[in-house]
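Visitor: Take this structure, written in structure tokens, and hold onto it; I'll ask about it next.
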Amino acid sequence: MFTESRHVGVFVPQEPSVVYAFAAEPDNLPHWAAGLAAGIIREGERLFADSPMGRVEIVFAPRNEFGILDHEVTTPDGQRTYNPLRVVPADGGCEVIFSVRRGAMSIAELDRDAATVLADLEGLRDLVA
């Protein structure tokens, strides 16, 4: 399978710790990650979301001081996708960067996914800036 990544990022004029804290809270996902979550469901320690792909399970990296928000999404058919997401300090704020992985997608599908991620990141920026 041919793989490549497209790194999609936005500058956010806000302290990295503020952006990270907001983005790391699963209950905030429906407010900015429309491409992933319409609503968060907690079952014990497990997190699920209603998404365009159906009900998915989301496992986040443990909270950390480095701005790493990586997460793995498992679709209803059992397919797992690892999603790198970072909040990186920058002068006057931070950059939020998501790596969209191509996998078996066509270039057109990759373009659509990257555009969806950009819209989500812009939504995050608008909520925390």
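The values are calculated or read from the model by the stated rules, or taken from the named source; none is laboratory data. Not measured: the values here are computed from a predicted model. All Cβ positions, even for glycine, are placed from backbone atoms using ideal geometry, and neighbour counts span all protein chains on display.
Visitor: Of the residues V73, V12, which is in contact with a helix residue (DSSP H, G or I) (Cβ under 8 Å, 6 or more places away or on another chain) and closer than 27 Å to R102 by Cα?
Guide: None of the others qualify; the one that does is V12.
Visitor: Mind counting the residues in the stretch 89-112 that are more than 11 Å from V19 (Cα to Cα) and either crowded, with 18+ Cβ neighbours inside 10 Å or touching a residue at least 24 places away in the same chain (Cβ under 8 Å) (or both)? Spell out the reasoning first.
Guide: Initially, the stretch 89-112 is screened for residues more than 11 Å from V19 (Cα to Cα), giving 90-92, 97-112.
Filter once more, so that each one left must be either crowded, with 18+ Cβ neighbours inside 10 Å or touching a residue at least 24 places away in the same chain (Cβ under 8 Å) (or both): 90, 92, 97-104, 110.
Total meeting the criteria: 11.
Visitor: Another one. Check A108, A119 and return the single one that is among the small types (G, A, S), part of a helix (DSSP H, G or I) and within 16 Å of the chain's Cα centre (by Cα). Can you show your working first?
Guide: On the way: A108 fails: within 16 Å of the chain's Cα centre (by Cα).
Answer to the check: A119.
Visitor: Another question about this same structure. What is the one condition in (1) surrounded by 13 or more Cβ atoms within 10 Å (Cβ to Cβ); (2) modelled with pLDDT under 95; (3) not hydrophobic (A, V, I, L, M, F, W, C) that R86 does not satisfy?
Guide: The single condition R86 does not satisfy is (2).
Every residue, every condition in (1) touching a strand residue (DSSP E or B) at 6+ places or on another chain (Cβ under 8 Å); (2) over 24 Å from Q14 (Cα atoms), yes or no:
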| position | (1), (2) |
| --- | --- |
| L29 | yes, no |
| A34 | no, no |
| G78 | no, yes |
| R125 | yes, no |
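Visitor: Within the stretch 63-83, take every residue that is under 25 Å from H7 (Cα atoms) and among the acidic types (D, E) and give me the one that is surrounded by the most Cβ atoms within 10 Å (Cβ to Cβ).
Guide: D70
Visitor: Okay, next question. Can you tell me which residues in the stretch 19-58 are of a type in the set (V, I, T) and at pLDDT 95 or above?
Guide: The answer is V19, and nothing else.
Visitor: Just to be sure I understand the filter: pairs with C-beta atoms under 8 Å, separated by 6 or more residues or on different chains, first member in the stretch 2-31 and farther than 23 Å from D50 by Cα and among the hydroxyl-bearing types (S, T, Y), second member modelled with pLDDT under 90 and part of a strand (DSSP E or B). Which pairs pass?
Guide: Within 8 Å, the pairs are T3/R101; S5/R101.
Visitor: Condition first: loosely packed, with under 11 Cβ neighbours inside 10 Å and in a loop (DSSP other than H, G, I, E, B). Now tell me which residues in the stretch 23-62 satisfy that.
Guide: Those that are loosely packed, with under 11 Cβ neighbours inside 10 Å and in a loop (DSSP other than H, G, I, E, B): G44, E45, P62.
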